[in-house]
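Below is one structure, written out as structure tokens; the observations come after it.
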Amino acid sequence: MSVTQNSERVQIGPEADLPEGFQTTVELDGVSVLVLRHEGQFYALRNNCTHQDYPLQGGEVSMARITCQKHGAKFELATGKAKSLPAVKPVRLFRTEVEGGMVYVSPL
Ligand code: FES
């Protein structure tokens, strides 16, 4: 599957091909953005922990939060807020949309 990019939004793929629990990254606005599906919803957030700039991709997702694998900080997927130490700053969020069965991500 190829990822199409323009300056406004990035096409991730058909919703039907993106199963629960999938994670992928795309480049958007010059940063790496983590896109994932959790409990049927799509979420997109900057792929960097705000504690020490470690990639969030691959972190465990549960209770609508993703856990940084480095030191265990948790971020709320819907708001980007840091919910446990050692991170205190929120992670940047991006918009996800499903249109015509395709999933897209764009800057908020
Ligand atoms: S780098 Fe993520 S918790 Fe430290």
Report the full-extension gain for the segment Asp53 to Val31: residue separation times 0.36 nm, less the Cα-Cα distance, to one decimal in nm.
-> 6.7 nm
May I ask for the equivalent-ellipsoid semi-axes of the chain, computed as the square root of five times each C-alpha gyration tensor eigenvalue and listed largest first in whole Å?
-> 23, 15, 11
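Values quoted throughout were computed directly from the atomic coordinates according to the rules given, and no laboratory measurement underlies them. Just so it is clear, the model here is predicted, and its values are computed rather than measured.
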